[in-house]
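> What follows is a structure written as structure tokens; I'll ask about it next.
Every number here is computed from the coordinates shown, using simple stated rules; none is lab data. None of these values were measured; they are calculated from a predicted model.
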């Protein structure tokens, strides 16, 4: 199915799922760090692989990325991407004041954030369609956006050319911090999801 053939209702369902998952993630992160954070309703799009570079982010943008596999009754990859500036703000949000920020701590903080985010989305989806979905441990990398996204497709034997993008905006101490979560599914996963939901 081409990206432009998804209906408004289908995108709205994905947005509501992302909103529920994001709200649960914000609650978990707030509990972890002992401070209030919130998340805006995520902007959700389904784009063809080539459209991502034209409309979302240039291939040559340097980013920090966390990769997690989705396994179980459906398969795919979650890829969280943030610029250096947004990554630094997310790390400062996650790490208690006074702890030295060496590279290991920074990477660990980003991994924990994305682990909470992906787990919250999968829990929301699992409850909605009553299916078994789990995620792998998070892996960190830093490179040009195009190289990272291409490497995900090279690693996978067969994946859908349509990519679901959830633009997340965290609100913390009067700051807005952005990070995008990309879901790269196996062929048929999105269509199967919509069939189970009935849209």
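> Using only the C-alpha atoms of segment 83-195, find the volume of their convex hull and express it per residue in Å³.
Residue-normalised Cα hull volume stands at 132 Å³.
> Continuing with the same structure: When the helices in the chain are scored as -39500 (n - 2.57) per DSSP H run of 4 or longer and the sum is shared across all residues, what 222 nm value do you end up with, to the nearest 500 deg cm²/dmol?
The helix-only estimate for the chain comes to -15000 deg cm²/dmol at 222 nm.
> Would you mind checking the tilt of helix 145-155 against the longest principal axis of the Cα atoms of the chain, expressed as 0 to 90 degrees and rounded to 10?
With rounding to tens, the tilt is 50 degrees.
> Any idea what the relative contact order of segment 80-199 is, in percent, if you count C-alpha pairs under 8 Å spaced at least 6 apart?
30 percent
> Please report how far the C-alpha centroid of segment 121-186 lies from that of segment 50-78, rounded to the nearest whole angstrom.
That distance is 6 Å.
> Quick check: the angle from helix 8-33's long axis to the longest principal axis of the chain, C-alpha only, nearest 10 degrees?
Once rounded, one gets 20 degrees.
> Right, another one. How high is the relative contact order of segment 1-120, in percent, with contacts defined as C-alpha pairs under 8 Å that are six or more residues apart?
This gives 26 percent for segment 1-120.
> Also: Among (i) 1, 7, 13, 16, 17, 15, 12, 8, 6, 4, 2, 1, 0; (ii) 1, 7, 16, 21, 21, 16, 10, 5, 1, 0, 0; (iii) 1, 7, 12, 15, 15, 11, 9, 8, 7, 5, 3, 2, 1, 1, 1, 1, 0, 0, 0, 0, find the value of P(r) over Cα pairs in 5 Å bins from 0, in percent that was calculated from the structure presented, and write down its label.
Of the listed options (i) 1, 7, 13, 16, 17, 15, 12, 8, 6, 4, 2, 1, 0; (ii) 1, 7, 16, 21, 21, 16, 10, 5, 1, 0, 0; (iii) 1, 7, 12, 15, 15, 11, 9, 8, 7, 5, 3, 2, 1, 1, 1, 1, 0, 0, 0, 0, (ii) comes from this structure.
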